[in-house]
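Below is one structure; the comments refer to it alone.
Quick note: the coordinates plus some simple rules give every number you see, no bench work behind them. Quick caveat, the model's predicted, so the values are computed rather than measured. FYI the Cβ positions are ideal-geometry reconstructions off the backbone, even for glycines, and counts take in every protein chain you see.
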Amino acid sequence: MTELAKCHDVVVEYRQGDASVRALDGVDFAVRAGERVALRGRSGSGKTTLLHVLGGLVRPTSGSVEIEGEELAAMDATAQEGRRPPPVGYVFQGSNLLPTFTAYENVAFAARRAGAVLDRRLAPDALLQLVGLGDKADHLPDELSGGEAQRVAIARALAQRPALLLCDEPTGQLDTDTGARVLDLVDALQSEFGFALVTATHDHDVAQRFGRVVELEDGRLAAEDAV
């Protein structure tokens, strides 16, 4: 499979008073097209920071990040000029929906950022139908259950037409049954659309659903296993 995303010698440092803390410490990590990877580790291990770096939410202190062979920083610049943004979708631990936007408006906002829709399946109304929420299109986030809000967040991420979907503890605030249904939905959508999937989790059972498990500890890659 083609290498889709790559971090090379990535360091992320944060200042805490007079001290600096390394959230990532020289990480080399790559994801292939269509691959399923779980990032596992305790709280503070660096898994969320690595997702943020891959998603362009955090700029590394040093090192490089490439998506489809192009530096992510350069792709961000083209997005600011009105061209298509980097092909990366992000699902946060909490749905992180815009509170004054309806479910449809949340998805449509992301779709507008991605540009013209060429695949009718990725139109906002079609995506809401796909995640089973066509009848909740006009509901605000606080009118949705936790599982419903997370499904809207998944639809919003897919509206960006990602080649890479990043999920940060997507079931962390859900009960076991609802979390399993959300994971089943993501699995089905990946099978349909073929995006690569990287999910951060501390849950062993969730990690076992993935073809590759990467362990992080103290900002470093500690181990890697094929499931």
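Here the chain is assigned +1 on the Cβ of each Lys and Arg and -1 on the Cβ of each Asp and Glu. Its dipole about the Cα centre then comes out at about 440 debye.
Extension gain for the segment residue 203 to residue 119, taken as residue separation times 0.36 nm less the Cα-Cα distance, is 26.8 nm to one decimal. What number comes out for the charge environment of residue 110, summing +1 per Lys or Arg and -1 per Asp or Glu over other residues with Cβ under 12 Å away? Computed value for this residue: +3. When only alpha carbons are used to place a centre, region 40-59 and region 113-165 end up 24 Å from one another.
Under a 5 Å amide H cut-off, with hydrogens placed 1.01 Å from N, residue 90 pairs with 166 among residues at least 5 apart or on other chains.
Sequence gap at least 6, Cα distance under 8 Å: using those rules, report the relative contact order of region 97-161 to the nearest whole percent.
Value for region 97-161: 50 percent.
A simple rule links phi to the HN-Hα coupling: the Karplus curve 6.51 cos²θ - 1.76 cosθ + 1.60 with θ = phi - 60°, which for region 65-71 gives 10, 10, 10, 6, x, 10, 4 Hz, with x for Gly and Pro. From most to least packed by mean Cβ count within 10 Å, the peptides 127-136, 163-172 give 163-172, 127-136.
With the cut-off at under 18 Å, measuring from each backbone N in region 37-61 to a point 7 Å along the Cα-to-Cβ line of residue 15 picks out 59-61. In terms of the mean number of neighbouring beta-carbon atoms within 10 Å, the peptides 193-205, 46-58, 15-27, 213-225 order highest first as 46-58, 193-205, 213-225, 15-27.
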